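The values are calculated or read from the model by the stated rules, or taken from the named source; none is laboratory data. For clarity, every value in this text was computed on a predicted model and none was experimentally measured. Counting neighbours? That spans all protein chains shown, and the Cβs are built from the backbone with ideal geometry, glycine included. Areas reflect the complete protein model, heavy atoms only, side chains present, ligands, DNA and RNA absent. Shrake-Rupley method; radii C 1.70, N 1.55, O 1.52, S 1.80 Å.
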Amino acid sequence: MSFTYDDVGATREQGHCPPGFRPMNVRTRLGEGEPVFQRAAEALLTWEMHREMGVGIEADAERAAPGVEVTVTLAGMIKAPCRVVWTLEERRRAGWAYGTLPGHPESGEEAFVVDRTGDGTVWLTVYAFSRPAKWYAKAGGPAARAFQHAYARRCGTVLRRLSGGDEED
């Protein structure tokens, strides 16, 4: 299956948004220190964060890697097929991005990156560019957009808990 958009891999450059797409950038403080970073990175790269959020995840590999096919199921009804387009596992950064495939309610790309800054603070950044692809995503308008932002914030809340990070933002 082909991707439903042209700029595959564009989320590698955080902040890049192709013409005709809407950008999203949500950053959540997870905590501090190497142990928090390591636990967060592992939970992110092995789909644990998504599974703990209560969404269905079907992936053809146990760990995110370029080319891995992933289907996210929301509310047991909405299936969102994707493919991982890039991953990174560095000393202070780890993450991946997936791009949408035919059948996904949106068209675009979403990245999930954990980073540990110079002062030791650990952050999750969820950034994306998208536009509606299915009729119900188009009809949802601002509500669909609000759902995307709420989902990204929930990622941070869940990953903070899984990594043993801070109690609150």
Evaluate the range 11-28: report whether one residue or more is open to solvent by less than 60 Å² (accessible area, probe 1.4 Å), within 16 Å of PHE112 (Cβ to Cβ) and more than 13 Å from the chain's Cα centre (by Cα).
no
If you go through the range 121-169, how many residues are in contact (Cβ under 8 Å) with a residue 60 or more places away in the chain and either of a type in the set (Gly, Ala, Ser) or in a strand (DSSP E or B) (or both)?
17
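Which residues, counting only those in the range 119-169, are aromatic (Phe, Trp, Tyr) and under 18 Å from GLY95 (Cβ atoms)?
Answer for the range 119-169, where residues must be aromatic (Phe, Trp, Tyr) and under 18 Å from GLY95 (Cβ atoms): TRP123, TYR127, PHE129, TYR151.
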Taking only pairs six or more apart or across chains, which ones have beta-carbon atoms under 7 Å, a first residue in the range 11-28 that is over 25 Å from LEU159 (Cα atoms), and a second residue that is part of a loop (DSSP other than H, G, I, E, B) and among the acidic types (Asp, Glu)?
PRO18/ASP7
Taking the range 81-135, which residues are closer than 18 Å to GLY15 by Cβ, open to solvent by 40 Å² or more (accessible area, probe 1.4 Å) and charged (D, E, K, R)?
ARG93, ARG131
Out of (1) open to solvent by 80 Å² or more (accessible area, probe 1.4 Å); (2) under 18 Å from THR157 (Cβ atoms); (3) in contact with a helix residue (DSSP H, G or I) (Cβ under 9 Å, 6 or more places away or on another chain); (4) in contact (Cβ under 8 Å) with a residue 40 or more places away in the chain, the odd one out for GLU32 is which?
(3)
Hey, could you check the range 47-60 for residues that are out of contact with any Phe, Trp or Tyr (no Cβ under 9 Å at 6 or more places or on another chain) and over 18 Å from PHE147 (Cα atoms) and say which is least open to solvent (accessible area, probe 1.4 Å)?
TRP47
Hey, can you tell me all the residues within the range 127-157 that are touching a strand residue (DSSP E or B) at 6+ places or on another chain (Cβ under 8 Å) and among the hydrophobic types (A, V, I, L, M, F, W, C)?
ALA128, PHE129, ALA133, ALA137, ALA144, ALA152, CYS155
Per the filter on the range 5-40, residues aliphatic (A, V, I, L, M) and more than 24 Å from PHE147 (Cα to Cα) are VAL36
